[in-house]
Each structure stands twice: as C-alpha cells, then as structure tokens.
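Here is the structure we will look at.
The values are calculated or read from the model by the stated rules, or taken from the named source; none is laboratory data. None of the values given here were measured: they were computed from a predicted structure. Neighbour counts run over all protein chains shown; Cβ positions are idealised from the backbone, glycine included. Note: areas computed on protein heavy atoms with side chains; ligands, DNA, RNA excluded. Shrake-Rupley method; radii C 1.70, N 1.55, O 1.52, S 1.80 Å.
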Amino acid sequence: STLESNYKVDPSQAINHSPAMGFETGVGLGYKLNKKFTVTGGFQFNISQYKINAFLYKDEPTSVTLDEGNFASTVNTVSSLRSIPGSQPLTIKNRYYQLSMPVGLDWQILNGERFSWGLAGSVQPTYTFDKQPLIITSNYKNYADGSPYVRNWNVNTNLETYVGYSTGSY
C-alpha cells in the first residue's frame, strides 16, 4: 500500500515539464576496409536535460511504485518537492551526463559521380554519471530522487541512411 494512496491529483495538471538545452560533442574516425565498407569509432559526450516546475514544501512521506510488468514494488521515501502548488515555486533541471564510445559500420551502397547513398549503424556502450533524476511519486503529488533507479551503464544503438550530392569540388 502506498502512503496517502487516497490523495488524488490529476497528472495533466500536476506534471509541468519543459525542454531545456542539451549539448553533444564528439569525435569520430573511420577506417576504410574497401570501396564499400568503413569501420567507424569514436567518443561522445552528452548532456541531456529538461525542466521541472515544482514547489518547495516541508519534508513529507511519499512513495514510488516501480512496475516491472508482472512484478511491482513500492519504495517509501521523503520529499520536499511538490508537483502541486506549495509555498515556494522553483524550476529544477532533470539532468544526465553521458560518455559513450560508438563503434559501427558504414556501407556505401551507391557512390556515383554526383550522388551517393549509404547505410550506417553503430553500437554505443554508454556510461551515465552525475545524474540528477527526479521521478514523480505514485500519487503525482511529489518528486523524489530517482538516482537509485537509473543504471550507470547502458547500450544504445543507431541505424541511419544518408544521401550525398556533389557539385564539382563541393
């Protein structure tokens, strides 16, 4: 049973999030195996974030339900951040810093005089650090620290296609 489970809050009214500027930089290298295939690799650094409009309030007990399909568990915690109007409004950034090492393959399907077309994909082992995630509680009333529930290591993948056009030396 969750704490204050009879307290009802409309999620569309309580959850007030907005985008925040992110940042991505990296370096990549390629080694041509032949005319058609290139092995690629690199390093990448990302900052992902969004803003949460919340309210500062006194510490109060709350709970988070972790639903894993056939299994759910409830974690009781304390929060001083409300999603509903309290004493002092504030804006918090939910932020993640990530380092990744993409390794992939680029296939040049068509390489004509003016047009080129290719397909590429990669696997990106990613380490997430200095994360500051807040998660909404089960009753949508508070935000709680979500750090223990975000893995440090993840694997991302990507698949892309691209088209190129050349005019003389450009």
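Descending by average beta-carbon neighbour count within 10 Å, the peptides 54-61, 149-156 line up as 54-61, 149-156, the highest first. In percent, rounded to a whole number, the relative contact order of region 1-88 is 30, using alpha-carbon pairs under 8 Å and six or more apart. Counting lysine pairs in the chain whose alpha carbons fall under 26 angstrom apart, excluding pairs fewer than 8 residues apart on the same chain, gives 13. Charging the Cβ of each Asp and Glu at -1 and of each Lys and Arg at +1, and nothing else, the dipole of region 94-170 about its Cα centre rounds to 300 debye. Full extension of the chain segment joining V155 with N53 gains 33.7 nm, where the gain is 0.36 nm per residue of separation less the Cα-Cα distance.
Determine the dipole magnitude for the chain: charges of +1 sit on the beta-carbon of Lys and Arg, -1 on that of Asp and Glu, nothing else is charged, the reference point is the Cα centre, and the result goes in debye to the nearest 20.
360
Relative contact order, percent, of the chain when contacts are C-alpha pairs under 8 Å separated by at least 6 residues?
Relative contact order comes out at 22 percent.
Sorting the segments 112-121, 16-25, 126-135 by their mean number of nearby beta carbons within 10 angstrom, highest to lowest, gives 126-135, 112-121, 16-25. Surface composition of the chain: carbon and sulfur atoms hold 57% of the protein heavy-atom accessible area at a 1.4 Å probe. Over the chain, accessible surface divided per residue gives 66 Å², non-protein components excluded, 1.4 Å probe.
Packing, as the average of other Cβ atoms within 10 Å across residues, places the peptides 137-145, 36-44 in the order 137-145, 36-44, highest first.
To the nearest µm²/s, what D does Stokes-Einstein give for the chain at 10 °C and 1.306 mPa s, using the Kirkwood radius over alpha carbon pairs as Rh?
Details: Rh = 19.6 Å.
Translational diffusion coefficient: 81 µm²/s.
Summary value for region 80-166: 34 percent relative contact order, contacts being C-alpha pairs under 8 angstrom separated by 6+ residues.
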